[in-house]
1. Got a sec? Which helices (runs of 4 or more DSSP H) wholly within the range 231-311 have at least 2 residues that are surrounded by 21 or more Cβ atoms within 10 Å (Cβ to Cβ) and in contact (Cβ under 8 Å) with a residue 40 or more places away in the chain?
2. Which pairs have Cβ atoms under 8 Å, sit 6 or more apart or on different chains, and link a residue in the range 105-116 that is within 19 Å of residue 54 (Cβ to Cβ) to one that is assigned to a loop (DSSP other than H, G, I, E, B)?
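Every read-out reported here was derived from the displayed coordinates using simple, explicitly stated rules and does not represent laboratory data. Everything quoted here is computed from the prediction, not taken from an experiment. Note: ideal-geometry Cβ built from the backbone for every residue, glycine included; neighbour counts use all protein chains shown.
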């Protein structure tokens, strides 16, 4: 769930969570599974966290949904067979730990962009400890949004605050991104808007770190285009909003549960314009039943729909 606090508080929280984290490049031949949740690496027993379980399943080309249904013995048989095949083609894997727990596994191409790097680069780019930030932080990802109240604009009785959004995952859930953010004051909805600036970076280069301030400045400039889109959305009529929402849910491959939350959110502030459709997604992102990843996806879907709006 989104929290609102000062940037300095977030920095300390990120640093505290990161204290037990460390990385090692380890030989594939030294890996053996007891189950999907437990393995040995160079003779040391290691708990495999869900994030690492999924990464191993993807890397070894064994469907995670299948493994999760198997008995522990069958999990071990599958994983040990395929890890031996992996060892024929690869010497080592880049492993990310939290104490004795394996939280992620990558190839040697992986370039570290940790949450600590994100907040420290934000500091270096001028964000202050007492700045208000809206953030979600868990073991899988960090999403931090900074509203700029000096640029608040009115929209038919509403006030919307533009800002900037940063997202990062240390365990492969998503790429690092810098995107535009819009915060609707009347209901605390947030929307992450796409811009023309290249703003998403896979963890295979240090381009995002090297160009952090430049990318940030350009995303802020580009966000001006989205403000006009909001105004247009208010005058874009939608005859059957629920049908339109169902179509968007299919287009953006939302789950059945996510789609139901969006429909319920539309009914809380029902209306027959594209603005009301977009608001259904951003309002749904606040639902307590959703995780951080699902909430970010809904806010981004709202931003993608906003981008489609035409006069």
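1. Hits in the range 231-311: 274-284, 292-308.
2. The qualifying pairs are 106/172; 106/203; 107/90; 109/204; 110/203; 110/204.
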